[in-house]
Amino acid sequence: MTRDPPHRRRLRHSVLVTDATPPPHPAPDRDVEVLRLTAFSSDPAGGNPAGVVLDASPLGDDDMQRIAAEVGYAETAFVVDPGTDSRSRRVRIRYFSPGAEVPFCGHATIATAVALAERRGVGPFTIDTAVGPVVIDTARGGAADAPETAITASFTSVEPRVRSLDADVAARLLALLGLSPDDLDERWPAREAYAGNRHPIVAVRDQAVFDGFGFDPVAVRGLMDEQGWAGTVTVVHRRSGADEPLVVEARNLFPVGDLTEDPATGSAAAALGAYLRALDLIAPPARFVVHQGRHIGRPGVLLVDVPSHGGITVTGTAVAIS
């Protein structure tokens, strides 16, 4: 018996129907193709895995939530409106974690765009999401760690915003991470940044402290839910010197199910770009590099372009998980 390759397995799902509770959406009458890709890496063992369903038009909310839970990645992207034909450059996407729908997911957007470009050709796409339309360009080459023939995708976030963290909330967050104010980089104050999802950003000065901090996933998830942080808790460390091109390493905490940290987070990288611009920590137009995933054994690289105004652009590639 032959089997689909792991990155293109088909999942069969059914919807329980009773006379008392009619289904909110017709049950899919065919197998659902779920692609498995990893974003922000050219190595299948690196980056951030995402599920992608390129035609989710027959699926209801319960179906998508069930598939996302079965896939088990941080997010699975569902193209609920795949466009009018196989060459369409505008689609609508919804994103589900194993536990709930999320407004936007950067790495799953990158993975979906690369998958679409493989089938429809490189060039621009417009993706309608819960946070608004996101313009994403696909091309060959341009990723930090990928061959020139690889397809890369660059999404431009919605208009970002940055605001102060309540002092009590910031203190509670630091306590949950086992950090003190003395551990922080005084040049980069804690803030909350939004570029599709809300992310608290905490900058740690010392590499050893950055590598060594720990946290209780349940307690951190409780604070995230309380504060409406649909993204990740973003902890960063500046790796480059003051006179060198900016290189940042990030740890993005995302406790959900068996997950604790995200290997590579596009929406958080965009939020970080907005944070740096808002606090005059970078002189736009500028590009910086984010390394992420080393702490959980799935290293990846994100390129972030910060214009003088408007959305932040994040670039990366994606490859099938074999």
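Can you tell which of Gly241, Gly257, Gly196 is at pLDDT below 95, in contact with a Pro (Cβ under 8 Å, 6 or more places away or on another chain) and surrounded by fewer than 18 Cβ atoms within 10 Å (Cβ to Cβ)?
Within the list Gly241, Gly257, Gly196, the selection yields Gly257.
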Q) Among Leu37, Leu59, which is within 27 Å of His291 (Cα to Cα), buried (at least 22 other Cβ atoms within 10 Å of the Cβ), at pLDDT 95 or above and not charged (D, E, K, R)? A) Leu37
(Q) Tally up the residues in region 38-67 that are of a type in the set (Ser, Thr, Tyr) and over 23 Å from Ala250 (Cβ atoms), please. (A) 1
**Q.** Hits in region 62-82 - residues which are assigned to a strand (DSSP E or B) and buried (at least 17 other Cβ atoms within 10 Å of the Cβ)
**A.** Thr76, Ala77, Phe78, Val79, Val80
Q: Being in contact (Cβ under 8 Å) with a residue 24 or more places away in the chain and exposed (fewer than 13 other Cβ atoms within 10 Å of the Cβ) is the filter; apply it to region 160-193 and report the residue that is farthest from the chain's Cα centre (by Cα).
A: Arg187
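Quick one: which of Val204, Val218, Val236 is without any contact (Cβ under 8 Å) to a residue 40 or more places away in the chain and in contact with a helix residue (DSSP H, G or I) (Cβ under 7 Å, 6 or more places away or on another chain)?
That would be Val204, the only listed residue that is without any contact (Cβ under 8 Å) to a residue 40 or more places away in the chain and in contact with a helix residue (DSSP H, G or I) (Cβ under 7 Å, 6 or more places away or on another chain).
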Q: Would you mention how many residues in region 263-293 are of a type in the set (D, E, K, R), on the phi < 0 side of the Ramachandran plot and either in contact with a Lys or Arg (Cβ under 9 Å, 6 or more places away or on another chain) or outside any helix (DSSP H, G or I) (or both)?
A: 1
Q: Kindly list the number of the only condition in (1) in contact with a strand residue (DSSP E or B) (Cβ under 9 Å, 6 or more places away or on another chain); (2) more than 28 Å from Gly257 (Cβ to Cβ) that fails for Ser86.
A: (1)
(Q) Criterion first (within 22 Å of Pro160 (Cβ to Cβ) and surrounded by fewer than 16 Cβ atoms within 10 Å (Cβ to Cβ)) does Gly132 satisfy it? (A) yes
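The values are calculated or read from the model by the stated rules, or taken from the named source; none is laboratory data. Note that the structure is predicted; figures quoted are calculated from it, not measured. Reconstructed Cβ throughout: ideal geometry from the backbone, glycine too, with neighbour counts over all protein chains shown.
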